Amino acid sequence: MSVMSAIIEEAHRLYLAVSKPNVIVHMASNHHGGSWDRVKRQRRRPFNSVILQEGVIESILQDAQEFFASEAWYTERGIPHRRGYLLYGPPGTGKSILLPTFYAILLIHSFSNSIDDFFLQRAADTIPKNSIFVIEDIDCAIPPSDADENTPEMVHPQMMMRGARRVPNQTRVTLSALLNVIDGLGSEEGRLFFTTTNHIDRLEPALIRPGRIDRKIPYHLATQKQAASLFVHFFPPSSTSSSGSHSELLEDGTKATHDTQEAQLSETFASRIPSNEFSIAELQGYLLGYKHQPERAAVEFPAWAEREREYKREEQEKGAKKKVSKEITAVKA
């Protein structure tokens, strides 16, 4: 082996060693007409920190591993070696948090007026084999035929959360270009394609038909079991079994002990959360306000929940009034 080859091999080994704890995210940039020259490193999330409904993570990872190991099987049967996943559900339910558990992804984060067909095709042409290609919020890629960017979006109260309103679509990407990127003649084989949406009903049927999207995976608002798991993740036994600041009484007046405190607090917290009302992101935001106060986090949740409900009611009423006002203006015109 030549000296230069040895240097390159050692550099590659060190690169892999340094990169292993991280997800390497290659983001498409329009500076060079659609190249993957924006690189971000994100800390890989441990699987136990991704609080999804039971079996979702294991199912996706097992399916992805089988796909990458099955190239010969696809080839023998004349089937393109590609696989597509659609993750859909309300905002904040964890559609994107699964992706940082992989080693590297190529990400188109959002569609804007700087992205057109040429940009998209150029980016797709340079996707290497054995890649994980991600398009987030694909419903924003193609404006619906009846879209009116001046119309305020009505959000179902269960899907409404702070900061979740949709930005008016300004994309210049066409449906045909998007379909060609997913499974056209120029699309690379040997890759996983992930896409996410908050609004599966807005997607064109051609976009999510079998062969382009092989698995549609629903994400739901948090269950009580997820809430309990999230609480334990925030406050593991080591943090709730110590003395001092964690010696408060539980709601029923009993003092938590080393053996019972974590279980009782997580059960108390989960029992106060109606299933399918709040997202995991909302519950995480709440718990962040009580980093070292698990007892208060468990006891004070109902008051926070009522404030959130009131906020959502107000936002819904504002949206309804804007819609009525616009309709009246249109009739008068």
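Any read-out appearing in this document is the output of simple, stated calculations on the displayed coordinates, not a laboratory observation. No experiment lies behind these values; they were computed from the predicted model shown. Note that each Cβ is placed from the backbone with ideal geometry, even for glycine, and that neighbours are counted across all protein chains shown.
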Quiz item: Considering only Cα-Cα distances, which of the following residue pairs are longer than 27 Å: K225/K291; K216/K326; K291/K322?
Solution: K216/K326; K291/K322
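What ranking, highest mean first, results for peptides 221-233, 127-139, 313-325, 51-63 when packing means the other Cβ atoms within 10 Å averaged over each residue?
Most protected by this proxy first, the peptides run 221-233, 127-139, 51-63, 313-325.
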